[in-house]
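Trainee: Here it is, the structure in full.
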There are 2 protein chains.
Amino acid sequence: MRDAYHEELDGISHDLVEMTRLVRSAMARATTALLDADARLAEEVISGDKAVNKIESEIEQTVFDLMARQQPVAGDLRTLITSLRMAADLERMGDLAAHIAKTARRRHPESCIPAELHSTILEMGQVAERMVAKAGSVIASQDVAMGLELETDDDAMDKLHRRLFKVLLSPSWKHGVEKAVDITLAGRYFERFSDHAVHVAGDVVYLVTGQRPEEIIEEFN
Amino acid sequence: MRDAYHEELDGISHDLVEMTRLVRSAMARATTALLDADARLAEEVISGDKAVNKIESEIEQTVFDLMARQQPVAGDLRTLITSLRMAADLERMGDLAAHIAKTARRRHPESCIPAELHSTILEMGQVAERMVAKAGSVIASQDVAMGLELETDDDAMDKLHRRLFKVLLSPSWKHGVEKAVDITLAGRYFERFSDHAVHVAGDVVYLVTGQRPEEIIEEFN
């Protein structure tokens, strides 16, 4: 039977997975809002970010309570501190989804995204969603192999980001500076979102193996 | 006389202040590199970021060692965990200074910054420098009033950031999309840099008073 202390640890892990679900949904809707110039959906994402922030505060509170009451030993202490870091990453991912939604709202009823970038942005949103979903599974399952996959997903995001800049900076760009600025910022938000997903999965890998993903990947190459 | 434990706590605080010094110098040089298209200076900032990362790792190691050996009580625990968070913010500020330097390097020997934005970027660099210097003083002195000043400095940064966009998006912008993209990203890096400085100072304010800066400021309004 598990004791109350380890039940609270499980509760934190459950809350982190819940954060990944909320953030994934926010990112999916923010990408749609950006592509379809959907102001209502954008508003929903922006106001919904409070729920993500709330779970982060609750995790913080639980961690400090546990630490004060239980004087956890080194291993559990590391788990608790890492939970704070993962919660902070996920909170930031919620902010970034809201930033994308704000970009959509700012130009409404116009769309920020010209036709030739539609599929690139759509794919960036899909990769971002896949990454946060995977990060959630990694937290729940402690699956190291899946945790390492995030590194490859991040390469896919970087490739899409480069493709975005290639279109923006080509001599045939006809959509002016304002759209270029919007897309530069949106691209940056997608890229940072996926960086944070990599951190979250990397933290789990480190807790399970004692090594950072890049160290493990280096050993296999 | 202070015991070994509290000497180690002082050591962490000293390392954090050292990080603010390195990051301030990186930001000063990155801004100059951007304005003067100085590739040598840009390289220096980029390679110098390793020193900032190294101190962050050392702080992390010290904190985990202290926690494992000393089983610190609630107050000291909070100080230690907050130190990790401040170190992470400062590490990120080093990255952002390096990103500005990389923007300068990418366009060398051309300058990214047209004459009409020179003074705005210069001021953004100065505000950023002032903020990280202040954050360092706040860590060293635990001066709450100075910690609260960072909020006002951040408003100054936001104002400069808006001025930047106004110029970029004005119909008289003549410098094309590539420069607009560079400046959009650089502006974002300055803004994020100052956000992190606000966090660092806010963490000190919270450790000293038990309240976040925004709660204190609200009470006075």
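The values are calculated or read from the model by the stated rules, or taken from the named source; none is laboratory data. If you're wondering where the values come from, they're calculated on a predicted model, not measured in any experiment. For neighbour counting, all protein chains shown are included, and Cβ atoms are generated from backbone atoms with ideal geometry for every residue, glycine included.
Trainee: Just one of B:SER119, B:SER111, B:SER137 is modelled with pLDDT under 95, among the hydroxyl-bearing types (Ser, Thr, Tyr) and surrounded by fewer than 21 Cβ atoms within 10 Å (Cβ to Cβ); which is it?
Mentor: B:SER111
Trainee: Quick one: A:ASP10 ticks every box in (1) crowded, with 16+ Cβ neighbours inside 10 Å; (2) assigned to a helix (DSSP H, G or I) bar one, so which box is it?
Mentor: Looking at each condition in turn, A:ASP10 falls short on (1).
Trainee: Still on this structure: State whether one or more residues within segment A:181-190 are buried (at least 16 other Cβ atoms within 10 Å of the Cβ), farther than 21 Å from A:GLU56 by Cα and in contact with a Cys (Cβ under 6 Å, 6 or more places away or on another chain).
Mentor: yes
Trainee: Does B:VAL167 fit the bill of being β-branched (Val, Ile, Thr), assigned to a helix (DSSP H, G or I), closer than 30 Å to B:ASP76 by Cβ and at pLDDT 95 or above? Talk me through it step by step, then tell me what you get.
Mentor: Working: β-branched (Val, Ile, Thr): yes; assigned to a helix (DSSP H, G or I): yes; closer than 30 Å to B:ASP76 by Cβ: no; at pLDDT 95 or above: yes.
The answer is no for B:VAL167.
Trainee: Hey, another quick one. Scanning segment A:1-31 for residues that are of a type in the set (A, V, I, L, M) and at pLDDT below 95, which turns out nearest to A:VAL208 (Cα to Cα)?
Mentor: Initial filter on segment A:1-31 (of a type in the set (A, V, I, L, M)): A:1, A:4, A:9, A:12, A:16-17, A:19, A:22-23, A:26-28, A:30.
The next check asks that each one be at pLDDT below 95; those that pass are A:1, A:4, A:9.
Numbers: A:MET1: 22, A:ALA4: 22, A:LEU9: 15 Å.
The residue in question is A:LEU9.
Trainee: Taking only pairs six or more apart or across chains, which ones have beta-carbon atoms under 8 Å, a first residue in segment A:31-54 that is under 11 Å from A:HIS99 (Cα atoms), and a second residue that is of a type in the set (Val, Ile, Thr)?
Mentor: Matching pairs, first to second residue: A:THR31/A:ILE100; A:THR31/A:ILE121; A:LEU34/A:ILE100; A:LEU34/A:THR103; A:LEU34/A:ILE113; A:LEU34/A:ILE121; A:VAL45/A:ILE100.
Trainee: Sticking with this one: Anything in segment B:137-156 that is out of contact with any Pro (no Cβ under 7 Å at 6 or more places or on another chain) and farther than 17 Å from B:THR79 by Cβ? List them, or say none. Outline the logic, then answer.
Mentor: Within segment B:137-156, the subset out of contact with any Pro (no Cβ under 7 Å at 6 or more places or on another chain) is B:137-146, B:149-150, B:152-156.
Within segment B:137-156, B:SER137, B:ALA145, B:MET146, B:GLU149, B:LEU150, B:THR152, B:ASP153, B:ASP154, B:ASP155, B:ALA156 meet the criteria.
Trainee: Then there is this: Here are the criteria: (1) within 14 Å of another protein chain (Cβ to nearest Cβ); (2) more than 14 Å from B:MET93 (Cβ to Cβ); (3) modelled with pLDDT of 95 or more; (4) in a helix (DSSP H, G or I). Tell me which single one B:VAL205 does not satisfy.
Mentor: (1)
Trainee: Among the residues of segment A:83-108 satisfying the criterion of being over 18 Å from A:ARG29 (Cβ atoms) and either of a type in the set (D, E, K, R) or surrounded by fewer than 16 Cβ atoms within 10 Å (Cβ to Cβ) (or both), which is nearest to the other protein chains (Cβ to nearest Cβ)?
Mentor: Across segment A:83-108, the extreme among qualifying residues is A:ARG85.
Trainee: Name the pairs whose Cβ atoms lie under 7 Å apart, with the first residue in segment B:90-102 and more than 13 Å from B:VAL200 (Cβ to Cβ) and modelled with pLDDT under 95, the second part of a helix (DSSP H, G or I) and acidic (Asp, Glu), and 6 or more positions between them or separate chains?
Mentor: Filtered contacts from segment B:90-102: no entries.
Trainee: To continue, here is another question. Restricting attention to segment A:139-197, which residues are within 14 Å of another protein chain (Cβ to nearest Cβ), within 16 Å of the chain's Cα centre (by Cα) and among the acidic types (Asp, Glu)?
Mentor: Scanning segment A:139-197 gives A:GLU191, A:ASP195.
Trainee: Condition first: in contact with a Lys or Arg (Cβ under 7 Å, 6 or more places away or on another chain), more than 13 Å from chain A (Cβ to nearest Cβ) and of a type in the set (Gly, Ala, Ser). Can you find one or more residues in segment B:43-60 that meet it?
Mentor: Within segment B:43-60, not a single residue is in contact with a Lys or Arg (Cβ under 7 Å, 6 or more places away or on another chain), more than 13 Å from chain A (Cβ to nearest Cβ) and of a type in the set (Gly, Ala, Ser).
Trainee: Please go through segment A:79-100 and give me each residue that is out of contact with any Ser or Thr (no Cβ under 8 Å at 6 or more places or on another chain) and not hydrophobic (A, V, I, L, M, F, W, C), ordered by number.
Mentor: Answer for segment A:79-100, where residues must be out of contact with any Ser or Thr (no Cβ under 8 Å at 6 or more places or on another chain) and not hydrophobic (A, V, I, L, M, F, W, C): A:THR79, A:THR82, A:ARG85, A:ASP89, A:GLU91, A:ARG92, A:GLY94, A:ASP95, A:HIS99.
Trainee: Applying the selection to segment B:149-172, what residues are touching a Gly at 6+ places or on another chain (Cβ under 9 Å) and either closer than 17 Å to B:GLU214 by Cα or buried (at least 19 other Cβ atoms within 10 Å of the Cβ) (or both)?
Mentor: B:LEU150, B:GLU151, B:LEU160, B:LEU164, B:LEU168
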